[in-house]
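In what follows, a single structure is set out as structure tokens and then discussed.
What follows draws every value from the coordinates through simple rules; no lab data is involved. All values reported here derive from a predicted model rather than from experimental measurement. FYI the Cβ positions are ideal-geometry reconstructions off the backbone, even for glycines, and counts take in every protein chain you see.
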Amino acid sequence: MNNKTALFALCLSGFFLAAGCRVSKLPPAAGTETTGRLDTEEAFFLSVREQLFRYETLSARMQVELTLPAGKTFSSRASLKIRKNDQIQLSLQPLLGIEAFRIDLTPDSIWIVDRLNKRYLAENFSRLKDTFRVEFNFYNLQALFTNQLFLPGETELPENAFTRFRRLPAADGHTLQAQNTSRWQYSFTTGRDWKLYASRMVDTASEHALYWDYADFRPVGAQLFPMKIHAGWTDGKETQSALSVNYSHIDADVPVEIRPVIPAGYERVNLSQIRKMFE
């Protein structure tokens, strides 16, 4: 795999590594539980929701690093822009702040622009679910990048969302397991401080899993946000690929401009060509 292909893989894989947890020990809790807040499942769930990051727009700078099955590692500076429930844009700038790749997502579509090879992918988002055999949508990916709980395939958590999860004890906290899902099992690990530290998706038929871990919570305005994310894909035995995200700066609720533009003269590629490249 040459450097151009590797960078393209980094750009694409960052959005196809979706969720999970393989946390051996959660970060120490900032406080202790009080019995009153855990009297009911609804009270516990509300305590968790209170810790989730609230925003309407988000703009961030970060360093991303992709580790491939062969053991090769590639990294790049990147910027992330989100208009909640509307659009996500990830721009990779491996050299001198010059954009090499860009991913734009809406609830319905995905565009990937590869400036190094002058090609692009434009695809209906729903096809990715069938191609990559992972149950997720735009809103689930948005939740993963912004430290949120989610219900698979849904746009937001309803008021009675606590009835859709089962709470189980976990090391230094609890696990919330989404109920009534298909062959994919979704679980979210919280600490005693009610923060969300890990998410996980497991295919119960094949044991393939996607994991997504959060760490290094720091103030962003009056809230706390995890500045480090580690995600990966396992085949049930070992990690096949991994993605690390280190945020360096985050702004919430500031105006962001997102305009997906396909440069003239670029070659359009399809999902089959992308899969062949990875193989």
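Spin-label pair GLU65-GLN240: with each label point 7 Å from Cα along the Cα-Cβ axis, the two points sit 2.3 nm from one another. Between ASP108 and SER206, the contour length at 0.36 nm per residue exceeds the alpha carbon distance by 32.5 nm.
Distance from the C-alpha centroid of the range 184-203 to that of the range 62-104: 24 Å, rounded to the whole angstrom.
The per residue volume of the convex hull around the alpha-carbon atoms of the range 174-279 is 194 Å³. Modelled label positions at LYS228 and ILE262, each set 7 Å beyond Cα in the direction of Cβ, lie 4.0 nm from each other. Set the Förster radius R0 to 22 Å, insert the Cβ-Cβ distance between SER47 and LEU168 as r into 1/(1 + (r/R0)^6), and round the FRET efficiency to 0.05. With a Förster radius of 22 Å, E is 0.85. Distance cut-off 24 Å, Cα to Cα: go down the list LYS81/LYS237; LYS81/LYS228; LYS84/LYS118; LYS195/LYS237 and report the pairs above it. As for pairs spanning more than 24 Å Cα to Cα, those are LYS81/LYS237; LYS84/LYS118; LYS195/LYS237.
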